[in-house]
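Novice: I have a structure here, written as structure tokens, and I will follow up with some questions on it.
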Amino acid sequence: MRRLLPDARCRSVGPVVFMDHMGPHAFPPGEGIDVRPHPHIGLSTLTWLWEGAMTHRDSLGVVQDIRPGDVNWMTAGRGIVHSERTPAAERAAGHRLEGLQTWLALPAEGAECEPAFQHVAAADVPRALREGVSVAVVVGESFGLRSPVATPVDTLYASLAFAPGSTLVLGGEHEERAVFVRGEGLSADGEPLAAGQLHVFPGREPVRLEAHAAVAAMAVGGAAIGHRFLWWNFVSTSRERIEQAKADWAAGRFPPVPGEHESIPLPES
């Protein structure tokens, strides 16, 4: 697991306040991921997989497998609890896993909304071919496509699959922009972009992305969200709200996840 955001040099890009790169990792038969139930407030979570599978369960009663190209969009709002585990078939057979785990902060005026969940199957994610680049708009609106996922702020979140020699211009319609590069072979305005890193582009000047090999990337960003406090799994504009969430989890006041009998305890402050 590699932490991409927050970073000492950049705390957020648009509404994206947290991003982890999972894998790539090969699990032998009998092993997998077991993220026990844990709480969130003040954010939406997004799971995107290039390889593997995960089963999401939450306190709304949702049970949903996610596979490559699917979109799992969970809005915590005033509070939700969920778990993430490897499905039984993949655990038994052994499998590879690689993807992104992303948190997007909710606007301050909507941070205490009702929790919600939306799943979009890979076949329903809008896609197009742009100058040899396969574009899938996961969330928000970009490259002339709009995702079916409803977001409360302008959001850029688009999967890009480059063919060798292809180019794509990342325009300035979004206030803040960055690109995560999955492999080697992508450059921005002639400068090589290192694999496995999030590259942030300041300002709104167009950025020319050029592939020298087949490579996948994720463009992220959107409207600047402003300062947020992050502590464990909680996001808020207020330290006091995070303290309340900590007390609520410690006291068992968050709703349970049906079918789960474990939980992750509150970390020591």
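Novice: Which distance in nm do the two modelled labels at residue 134 and residue 231 give, with both placed 7 Å along the Cα-to-Cβ direction?
Specialist: Each label point is offset 7 Å from its Cα along the Cβ direction, giving 4.4 nm.
Novice: With springs only between Cα atoms under 10 Å, which of 121, 158, 76 fluctuates most in a Gaussian network model of the chain?
Specialist: Between 121, 158, 76, it is 121 that shows the largest mean-square fluctuation.
Novice: What figure in square angstrom, to the nearest 10, would you give for the accessible area of residue 91 with a 1.4 Å probe?
Specialist: Accessible area of residue 91: about 50 Å².
Novice: Please build a GNM for the chain, connecting alpha carbons under 10 Å apart, and tell me which residue among 150, 128, 251 fluctuates the most.
Specialist: Residue with maximal mean-square fluctuation among 150, 128, 251: 251.
Novice: Enter the accessible area of residue 234 (Å², nearest 10), with the probe set to 1.4 Å and all protein chains included.
Specialist: Per-residue accessible area (residue 234): approximately 0 Å².
Novice: Report the equivalent ellipsoid semi-axes for the chain in whole Å, largest first, defined as the square roots of five times the eigenvalues of the gyration tensor built from alpha carbon atoms.
Specialist: Semi-axes (√(5λ), whole Å): 30, 23, 16.
Novice: Using Cα centres only, tell me the gap between the stretch 69-83 and the stretch 125-175 in whole Å.
Specialist: Answer, in whole Å: 22.
Novice: Also: Any idea what angle helix 239-250 forms with the longest principal axis of the chain, computed on alpha-carbon atoms, 0 to 90 degrees, nearest 10?
Specialist: 60
Novice: I'd like the FRET efficiency for residue 10 and residue 92, computed as 1/(1 + (r/R0)^6) with the beta carbon distance as r and R0 of 45 Å, rounded to 0.05. Write down the numbers at each step before the final one.
Specialist: Numbers: r = 40 Å, r/R0 = 0.90.
It comes out at approximately 0.65.
Novice: Contour minus end-to-end for residue 65 and residue 173, with contour as 0.36 nm per residue of separation and end-to-end as the Cα-Cα distance?
Specialist: Details: separation 108, 0.36 × 108 = 38.88 nm, distance 3.35 nm.
Difference between extended and current length: 35.5 nm.
Novice: Amide H of residue 212: which non-local residues (sequence gap of 5 or more, or other chain) have their own amide H closer than 5 Å, using H built in the peptide plane?
Specialist: 165, 186, 187
Novice: For the chain, with all protein chains present and a 1.4 Å probe, just round the carbon and sulfur fraction of the accessible area to a whole percent.
Specialist: Details: 5990 of 11730 Å².
C and S fraction of accessible area: 51 percent.
Novice: Between residue 243 and residue 35, take the C-beta separation as r, use R0 = 35 Å, and let me know the FRET efficiency to the nearest 0.05. Please report the intermediate quantities before stating the final value.
Specialist: Numbers: r = 24 Å, r/R0 = 0.69.
Once rounded, the FRET efficiency stands at 0.90.
Novice: For residue 251 and residue 85 in the same chain, what is the full-extension length gain: residue separation times 0.36 nm, less their Cα-Cα distance, in nm? The partial results should precede the final answer.
Specialist: Numbers: separation 166, 0.36 × 166 = 59.76 nm, distance 2.48 nm.
So the chain would gain 57.3 nm between residue 251 and residue 85.
Novice: Treating the beta-carbon of each Lys and Arg as +1 and of each Asp and Glu as -1, no other charges, what is the dipole magnitude of the chain about its Cα centre, to the nearest 20 debye?
Specialist: On the way: 23 positive and 32 negative charges, 29 e Å.
The dipole of the chain has a size of about 140 debye.
Novice: Right, here's the next one. Once the Cα atoms of the stretch 60-147 are picked out, what are the Rg and Dmax in Å?
Specialist: 15.6, 46
Novice: Can you compute the modelled spin-label distance between residue 1 and residue 223, with each label point 7 Å from Cα toward Cβ, in nm?
Specialist: Between residue 1 and residue 223, the label points sit 3.1 nm apart.
Novice: So if we plug the beta-carbon distance of residue 121 and residue 145 into 1/(1 + (r/R0)^6) with R0 = 22 Å, what FRET efficiency do we get, rounded to 0.05?
Specialist: Values: r = 16 Å, r/R0 = 0.74.
With R0 = 22 Å, the Cβ-Cβ based efficiency is 0.85.
Novice: Pick from 184, 84, 240: which residue has the top mean-square fluctuation in a GNM of the chain where Cα pairs under 10 Å get a spring?
Specialist: Looking only at 184, 84, 240, the largest GNM fluctuation is found for 240.
The values are calculated or read from the model by the stated rules, or taken from the named source; none is laboratory data. Since we're looking at a predicted model, the values are computed, not measured. Using ideal geometry, Cβ is built from the backbone for each residue, glycine included, and neighbour counts are taken over all protein chains shown. For the accessible areas, the whole protein counts, side chains as well, though only heavy atoms, and no ligand, DNA or RNA atoms are used. Shrake-Rupley method; radii C 1.70, N 1.55, O 1.52, S 1.80 Å.
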